[in-house]
1. Where a ≥ b ≥ c are the square roots of the eigenvalues of the C-alpha gyration tensor, would you call region 247-301 rounded, which needs a/c under 1.5, or, failing that, prolate if a/b is larger than b/c, or oblate?
2. State whether region 88-234 is rounded, prolate or oblate according to the following rule on the C-alpha gyration tensor (a ≥ b ≥ c being the square roots of its eigenvalues): a/c under 1.5 gives rounded; otherwise a/b larger than b/c gives prolate, and the remaining case gives oblate.
3. Which GluC sites (Glu not before Pro) from region 76-157 combine a DSSP loop assignment with at most 14 other Cβ atoms within 10 Å?
4. Taking region 244-280, which chymotrypsin sites (Phe, Trp or Tyr not before Pro) meet the DSSP loop condition and have no more than 10 other C-beta atoms within 10 Å?
Amino acid sequence: MSDEIHVEGIVLRATAGFFEVDTAQGLWTCKLRGRLKKEKQRTDLCVVGDRVRVERADEGLGTIEEVLPRRRVLSRQHPAQARREDVLVANLDQLFVVFAFGDPPLHPRMLDRFLVVAEHAGLDAVIVANKLDRETDEQRALFERYAKLGYPVLYTCAHRASDPGDGIGALRDRIDGHVSAFAGASGVGKSSLLNAIDPELALKVGATSDHTTKGRHTTRVATLHRVGNGYVADTPGIRELGLWELPEGQLDRCFVEMRPFLGQCSFRDCRHRTEPDCAIKRAVEAGAISAERYESYRRMLEGDER
Ligand SMILES: Nc1nc2c(ncn2[C@@H]2O[C@H](COP(=O)(O)OP(=O)(O)OP(=O)(O)O)[C@@H](O)[C@H]2O)c(=O)[nH]1
Ligand SMILES: [Mg+2]
Ligand SMILES: [Zn+2]
């Protein structure tokens, strides 16, 4: 073996200048080569999900020589700087949008926001309806509406894991071979679901009872977990996820059921609000697009956070 070993890997965790990298030779703790820090100023240097080229320094230790080009990113608006992007996870394929029966309350607006984020980022969205043990017909009907739009909906129960019908096996199958992220409000059971798939993860699970309506996040940093034959990011539930960069004119395309009607409005730049002869509004009136989903569209267009 030569004493200069280069290996490719994927960043599982980034904390205070140290990166945990999963390589073919095991888990390495790495630092960034100083040169890299100067090259990239604007966007985050190296984030969870990045594919990197590492040079081995010592047993289990290495230096990140190169961050390979990102295929895509899941980002949010930087908390302090208005025009800055805060990259959360790189190279994702899939976004699991997790909601729960019962508690915390199920907000269709929030569900629609997450779906728009996924569509805009080019991620496959999978809806997870967790806490199946608290199922109500009314909430089931809501999830079914999304299934009709073509989104896969997985019904799961993290508490009944190993029961047939708990949906955990189906979730695991979806995770295999992908890099996925979990989005969803605090308390819906994201960490519980990952623990149900792989108990060795032993993720911290919080109680929802003392959460405020905005939710406190038990999971604070984005971390990529090896789950089965895939990777899963356990990210905090974020309201403003990725939408800040979405130009007004691209919002309609992020609503899958609007796509067949696009290009049929009188005005080429129709925003489907008050414009005359609008194909989208006609489709809403005809019931081809639900009034609820149209309302979500309208609110997002106006930048309404709720
Ligand atoms: N009844 C029921 N409760 C569940 C289920 N899954 C999770 N919970 C409970 O919901 C609460 C929140 O679960 P977590 O896994 O911590 O939720 P989370 O989405 O990771 O929350 P954050 O990390 O704060 O974003 C805990 O009290 C879990 O025990 C389920 O299938 N049924
Ligand atoms: Mg969690
Ligand atoms: Zn229109």
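1. Judged from the Cα gyration tensor, region 247-301 comes out rounded (a/c under 1.5).
2. Cα axes put region 88-234 in the rounded bin.
3. In loop regions of region 76-157 (DSSP not H, G, I, E or B), there are no sparsely surrounded GluC sites (Glu not before Pro).
4. none
Readers should treat all values here as calculations from the given coordinates under stated rules, not as data from a laboratory. Bear in mind that the values here come from a model prediction, so they are computed numbers and not experimental data. Positions of Cβ are generated from backbone atoms using ideal geometry, with glycine treated the same way; all protein chains shown enter the neighbour counts.
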